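What follows is calculated from the coordinates using simple rules that are stated; it is not laboratory data. Every value quoted in this text rests on a predicted model; they were computed, and no experiment measured them. Cβ sites come from the backbone with ideal geometry, for glycine too, and all protein chains shown count toward neighbours.
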Amino acid sequence: MADSDKWGQVQEIFLAVADLGTAERTAALARLCEGDSILRGEVESLLEAEVRGAAHLHTVIQAEAAVLMEPSRGEGRRVGAYRLVREIGRGGMGTVYLAVRADGQYESEAAIKLVRPGLDIDFIFRRFRHERQILANMQHPNIARLLDAGTTEDGLPYLVMEYVKGSWITTYAEEHGLSVEQRLRLFLPVCSAVAYAHHAFIVHRDLKPANILIDAAGSPKLLDFGISKLLVAGQEASAESQGAAMMTPDYASRSRLSAMRSRWHPTSTHWERCCTGC
């Protein structure tokens, strides 16, 4: 039997038993797999993966819901040498604040990305450290710079980023009535930034208008490498960059969406909630 046929059989049996109770599932597996231990092992592996994914997803959703039900409590807080002024963005892993320098050394503004209370699980911390290391190696005029990083007094990691005051690239193009040629010229520096990241073996994986801002000088800035993937990495870094299927569904490639759908029951909305854009 071809691998594609085998995988189709695994999927078919998985879908047939996924919603059954424990006793019914055991009986159904025995009947459908007809003594094929390899086939049954593949199906059981998928079932176990779904349980683990659902448990993790439940934790994230509970934390997300708790945060969304409360107003932001970060304004006025001191984080390192900065004071948080107001919330300017929110994603799957953290909240971004406009911040001002508060240690009297000099005046400046920055964007601080802070893990939200309630999301302080190991997975989120690993992703945050991964993003910090990615940004530390990026030096390109069209990529928002990492200025500093650290950990708050209560143990939450944060990133201090260049503050880009501007509009989404699509909004900017509409507001300024840009022609097709002007839009392409505006997009060329974005391509340069993405190419620079690719030369460093980094894939952004969340390219969308909200992550490409046009600053006051009309220059694009690429933001948010929170779910990026490092193509050349050690085993630990590779696992962190590949282990979670995180994306923004509206802007994800069809191949990523298809791969994600194949891991969840087609009638379930789990995969949609799991694809967390940052």
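Computed values, structure above
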quantity	calculated
Relative packing of 125-137, 174-186, 144-156, 76-88, which averages over residues the other C-beta atoms within 10 Å, highest first	125-137, 76-88, 144-156, 174-186
Protection proxy ranking, peptides 34-42, 100-108, 201-209, average beta carbon neighbours within 10 Å, highest first	201-209, 34-42, 100-108
Residues with amide H under 5 Å from that of Gly89, placed H, sequence gap 5 or more	Val96
Amide proton proximity set for Asp148, modelled H, under 5 Å, gap of 5+	Val160
Whole-Hz ³J(HN,Hα) from phi, Karplus 6.51 cos²θ - 1.76 cosθ + 1.60, for region 212-221, glycine and proline x	10, 9, 9, 7, 4, 8, x, 9, x, 10
Theoretical gain in end-to-end length, Glu34 to Glu107 [0.36 nm per residue, Cα-Cα removed]	19.1 nm
Amide proton proximity set for Leu213, modelled H, under 5 Å, gap of 5+	Lys221, Leu223
